[in-house]
Amino acid sequence: MDQMQHIAILPILVPFAAVIVNVIFGDHGKSTVRFNVLFSVVQLAVAVMLFLVLASHEASAMAVYPLGNWPVPFGIVLVADRLASVMVLVTAILALAALIFASARWNRNGSNFFPLFHALVMGLSGAFLTGDLFNLFVFFELLLAASYGLVLHGGGRNRVRSAMHYVVINLVASSLFLIGVALIYATTGTLNMADIARVIPRIAPQDRGLFDVGAAVLSVAFLIKAGAWPLHFWLPGTYSSASPPVAALFAIMTKVGFYALLRFWTLAFSYSAGPEFSLGQTMMFMAGVATVAYGSIGALASKALDRLATYVILVSAGTLLLAVSYNAPGVTAGALYYVVVATLAAGALFLLKDVIDQTLPSEAQILAVSLELYGDEDEEIDEDQEVSPTVPAAATLLSWCFAIIALVMAGLPPLSGFLAKFSMIGAALNAGETPSAAAWWFTGAIVVSGLFVLIAMVRNGINIFWTSLPDGAVRVRVLEVTPIVGLLVLCILMAVAAGPAMAYLGETAQFLHASDGYVLSVLGTGGAS
Amino acid sequence: MELILACAIGVLAASGVYLVLRPRTFQVIVGLSLLSYAVNLFILAMGRLRMDAAPIISHGPVNPADYTDPVPQALVLTAIVIGFAMTALFLVVLLAARGLSGSDHVDGVEK
């Protein structure tokens, strides 16, 4: 393990190098695109390597990298355990797909697309890998700063307006983050997450309330990022107005909130779960149910595909929140499987939406839904036109992609979305002797939201694909369809390899909930304890 | 001294929250700045308030009780730099929104 600890910093260094190279050499058209794709491939290779190295050891293996070799509780430490490596891998896959998609045409819609893109990937990887609470704040700010630029990419009144709301919300969230960190530092005297977990049982009783307030304020900041109801109102506007490759990468941004909550809660409250812990759990559970409900209703109400995609993101954010609040290893394992699948599928949906927009103007899509409401007056005229017996191959491919995304998102068999939801529900119902009321709420929320998402997706699919196509051949760019197909193939592979994947993530979840291993590995390497 | 600092943080935070909730973008940015000042002072206070104590330990025999906690000061420094950059970035977005919509309302239209 000694040699491999250096690998923990590579997923941050590679995008960092990409940012520097981009800033120095500037934009030179095709060659710039090529080396940016190359950087993204290298990032993916590094993430795969990190994943494989950790997978080849036992579940408790971690790469702990103290920056500058400062002793651990004092210096900043990077910690790559299995959870972090899975999240970094998903980020790298999604980033590569979005970058290839963007290089078809979107990168030319504004300046500095590539440096901002790599900076966002760097911030995401850093947030997943860091083991220090304040360093987490710095990486959050880094990824947010890059995301502000990316939301604005392409310009236009709509984008600027929703970007402004996004910036204000996140600046307020950062203030909350800092207040939470400061309170936790005041009561524990440390910022290292493992050290915080170790110190918590020794907090003086009169300070305990202050620590709980700090944890609560910090969790609110995470919940804003995770898009939990009622803190999610920035999300639909921002995601639907961002340019498609950016929105696709943003599919993992809400998962950063999920990751931070999962990491912090399993660490902080593993040693001493008092009444305040169950209060926090209940609040998160209620917020999760509300998020799922709001997302489902929003999905039904949305007329355009981009709005639908944002509400699907909300539903998955709510589902993950429910899983975190459940705090059982079995449910967490299902949630980790779900986070991989849902992120890839949501990213593919945002990309697919753009391809559909090109082949079918968005006005026609909205019109199709309006016609449903107000009656179709052109119906009789249509009968005169000859209906083409064959559907163009490109349209068939797009509709298949759409169908796969719908199946994954709604959680229908035989694809991976079903397996994820099934394992979460199964673990929740089997958690106690008899299923608790919370387990039934959990099951109900997941099943009903699946139905709502399915109805919304099917209705949109009918309006988009079962319509008379515009004159001329349907043309799609290979560069734009390949990433979508790639992401969906991964979703299908996750279903094919569900056994090993589930076993792996199950071990990860077990390790996560027995946080002794994490604390010992992090504090052990520094010598000080 | 604790009372004065607590009052200062409270007044700054209250004014900041009030201004953030106003409809004009200029009021929002001033509110965000006040809020970040309040947070910075708050972080400093979380390292315990000490008078006449240095945060940097010099050479020789050292009694830690003579020094103030340096970590919150480092945190405040980072927070100030990040907050400053974010405020500048928001200023650009604000001006772009003003230019595109012709209104300084946060929604781009007068209500």
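Of note:
- Restricting the range A:182-192 to residues that are in a helix (DSSP H, G or I), surrounded by fewer than 24 Cβ atoms within 10 Å (Cβ to Cβ) and not hydroxyl-bearing (Ser, Thr, Tyr), the residue that is nearest to the other protein chains (Cβ to nearest Cβ): A:Ala186
- Check on A:Gly288, buried (at least 21 other Cβ atoms within 10 Å of the Cβ), in contact with a helix residue (DSSP H, G or I) (Cβ under 7 Å, 6 or more places away or on another chain) and farther than 23 Å from A:Leu398 by Cα: yes
- Summed over the range A:62-116, the residues that are more than 22 Å from A:Leu352 (Cβ to Cβ) and among the polar types (S, T, N, Q) give a count of 4.
- Set A:Val53, A:Val23, A:Val48, A:Val33: member being among the β-branched types (Val, Ile, Thr), assigned to a helix (DSSP H, G or I) and modelled with pLDDT of 90 or more: A:Val48
- Sub-6 Å Cβ pairs linking a first residue in the range A:403-431 that is crowded, with 23+ Cβ neighbours inside 10 Å and among the polar types (S, T, N, Q) to a second residue that is assigned to a helix (DSSP H, G or I) and at pLDDT 90 or above, at least 6 apart or interchain, are A:Ser416/A:Val341, ordered by first then second residue.
- Hits in the range A:197-229 (condition: farther than 22 Å from A:Ser147 by Cα and crowded, with 24+ Cβ neighbours inside 10 Å): A:Ala197
- The condition of being of a type outside the set (Asp, Glu), assigned to a helix (DSSP H, G or I) and within 14 Å of another protein chain (Cβ to nearest Cβ) holds for only one of A:Gly209, A:Gly214, that being A:Gly214.
- Positions within the range A:143-181 being more than 25 Å from the chain's Cα centre (by Cα) and outside any helix (DSSP H, G or I), in sequence order: A:Gly156
- Among the candidates A:Leu493, A:Leu488, the residue that is buried (at least 17 other Cβ atoms within 10 Å of the Cβ) and either free of Cβ contacts under 8 Å to residues at least 40 places away in the same chain or more than 21 Å from A:Ala323 (Cβ to Cβ) (or both) is uniquely A:Leu488.
- Test: B:Ala14 is surrounded by 15 or more Cβ atoms within 10 Å (Cβ to Cβ), among the small types (Gly, Ala, Ser) and within 17 Å of A:Ser175 (Cα to Cα): no
- Residue match in the range A:109-126 (condition: of a type in the set (Ser, Thr, Tyr), in contact (Cβ under 8 Å) with a residue 12 or more places away in the chain, surrounded by fewer than 24 Cβ atoms within 10 Å (Cβ to Cβ) and in contact with a strand residue (DSSP E or B) (Cβ under 6 Å, 6 or more places away or on another chain)): no
- Tally, over the range A:36-45, of residues that are under 16 Å from A:Ser111 (Cα atoms) and at pLDDT 90 or above: 0
- Of note, A:Val53 does not satisfy the criterion of being β-branched (Val, Ile, Thr) and surrounded by 20 or more Cβ atoms within 10 Å (Cβ to Cβ).
- Pairs, first surrounded by fewer than 16 Cβ atoms within 10 Å (Cβ to Cβ) in the range A:435-462, second part of a helix (DSSP H, G or I), C-beta under 7 Å, six or more apart: A:Pro435/A:Leu429; A:Val448/A:Ser296; A:Ile455/A:Leu300; A:Val458/A:Ala406
- Once the range A:475-484 is narrowed to residues that are surrounded by fewer than 16 Cβ atoms within 10 Å (Cβ to Cβ) and part of a helix (DSSP H, G or I), the residue that is farthest from the chain's Cα centre (by Cα) is A:Val478.
- Residue match in the range A:146-154 (condition: away from chain B (no Cβ under 11 Å) and at positive phi): yes
- Candidates A:Gly472, A:Gly499, filtered to the one that is surrounded by fewer than 22 Cβ atoms within 10 Å (Cβ to Cβ), at pLDDT below 85, of a type in the set (Gly, Ala, Ser) and out of contact with any helix residue (DSSP H, G or I) (no Cβ under 8 Å at 6 or more places or on another chain): A:Gly472
- Tally, over the range A:156-174, of residues that are surrounded by fewer than 24 Cβ atoms within 10 Å (Cβ to Cβ), of a type in the set (Gly, Ala, Ser) and within 8 Å of another protein chain (Cβ to nearest Cβ): 1
- When A:Phe74, A:Phe101 are checked against the criterion of being in contact (Cβ under 8 Å) with a residue 40 or more places away in the chain, outside any strand (DSSP E or B) and buried (at least 21 other Cβ atoms within 10 Å of the Cβ), a single residue qualifies: A:Phe101.
- Residue within the range B:60-72 that is free of Cβ contacts under 8 Å to residues at least 12 places away in the same chain, of a type outside the set (A, V, I, L, M), out of contact with any strand residue (DSSP E or B) (no Cβ under 9 Å at 6 or more places or on another chain) and surrounded by 14 or more Cβ atoms within 10 Å (Cβ to Cβ) present: no
- Selection within the range A:112-139 - over 20 Å from A:Pro66 (Cβ atoms), within 14 Å of another protein chain (Cβ to nearest Cβ) and out of contact with any Leu (no Cβ under 6 Å at 6 or more places or on another chain): A:Asn112, A:Ala119
- Yes/no for A:Ala59 being buried (at least 24 other Cβ atoms within 10 Å of the Cβ) and not aromatic (Phe, Trp, Tyr): no
- Among the conditions (1) surrounded by 15 or more Cβ atoms within 10 Å (Cβ to Cβ); (2) outside any loop (DSSP other than H, G, I, E, B); (3) at pLDDT below 85, A:Gly68 misses just one, which is (1).
The values are calculated or read from the model by the stated rules, or taken from the named source; none is laboratory data. These numbers come from a predicted model, not from an experiment. All Cβ positions, even for glycine, are placed from backbone atoms using ideal geometry, and neighbour counts span all protein chains on display.
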